[in-house]
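What follows is a set of notes on a single structure, which appears directly below.
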Amino acid sequence: MTALAKDDVRDKRQAILTAARDLFASQGYEETTIAEIARTAGMAVGTVYLYFQNKHDILVDVCLALKAEVAQVIQSPEILALPVQQVPRAIIEATFRTSRKNLRFMNSFQVEGQSPREVARLRATQDEIAGSLNTYFQHLIAQGELSPFDTAVYAELLNDLVSAALHECFAVEGGAREEFYREGVIEFVERLFFGPPLAARASGA
């Protein structure tokens, strides 16, 4: 495939995704048809099927594009280079800013895979983010900033926590309680790594 042909493919895929994202946001996924996506993207219905198997396949790509923006924040070298105690707030505030910017489209942020291929693609994105966090945690342990712990488990659970909070805050509640979710997640993560713990200490301990 020539460079020009590759550009054409990329441009058409992007046009389809942009049209679908806007339609899903304005009228909902269930109410949107492939024909409407094609018309909005300025192409024939058959052209859409050259790039995507069905409407849900398009939804997965819309979801992955949103997650990629969040992933860029979580993997940001500038944030990860901050003093360790500043990192949780910096990451979480940045992910919430990104999600607020994409508020109209956050109803597509959490998607369930309907085929093994879709499940694998969605899982790969989650694994990429968790892998970056895992590497960062291991670096902090090696530098003596944190005590040893199961970095892979913590990375996956923290990634799931942030994703769930973003979905609940912006897709379900429309950002109405953004501060509640943002500050709650920050406090949870800071307590988890830096204390103080929530459990009351026994007298004299």
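The values are calculated or read from the model by the stated rules, or taken from the named source; none is laboratory data. Keep in mind it's a predicted model, so treat the numbers as computed, not measured. Positions of Cβ are backbone-derived with ideal geometry, glycine not excepted, and every protein chain shown enters the neighbour counts.
Cβ separations smaller than 6 Å between residues 6+ apart or across chains give the following pairs from region 154-172 residues that are in the same structural domain as PHE96 (by TED's automatic domain parsing) to residues that are modelled with pLDDT under 95 and outside any helix (DSSP H, G or I): HIS167/PHE109; HIS167/GLN110; ALA171/PHE109.
Against the condition among the small types (Gly, Ala, Ser), farther than 12 Å from GLN75 by Cα and in contact (Cβ under 8 Å) with a residue 60 or more places away in the chain, how does SER108 come out, does it pass?
yes
Each residue in region 66-82 was checked for being outside any helix (DSSP H, G or I) and of a type in the set (A, V, I, L, M), and 2 pass.
Return a yes/no flag: does region 35-51 have any residue that is surrounded by 17 or more Cβ atoms within 10 Å (Cβ to Cβ), over 23 Å from the mean Cα position of the chain (by Cα), not charged (D, E, K, R) and not in a helix (DSSP H, G or I). Yes - at least one qualifying residue is present in region 35-51. PHE137 falls short of the stated requirement of being in contact with a Lys or Arg (Cβ under 8 Å, 6 or more places away or on another chain) and of a type in the set (Phe, Trp, Tyr). Filtered by the rule that a residue be among the small types (Gly, Ala, Ser), under 22 Å from LYS55 (Cα atoms) and surrounded by fewer than 19 Cβ atoms within 10 Å (Cβ to Cβ), region 92-132 gives GLY113, SER115, ALA120, ALA124. Kindly establish whether ARG10 is more than 18 Å from SER108 (Cα to Cα), of a type in the set (Lys, Arg) and modelled with pLDDT of 95 or more. When the stated conditions are applied, ARG10 does not pass them. Residue check: PHE180 meets all listed conditions (1) among the hydrophobic types (A, V, I, L, M, F, W, C); (2) surrounded by 15 or more Cβ atoms within 10 Å (Cβ to Cβ); (3) over 15 Å from the mean Cα position of the chain (by Cα) but one, namely (2).
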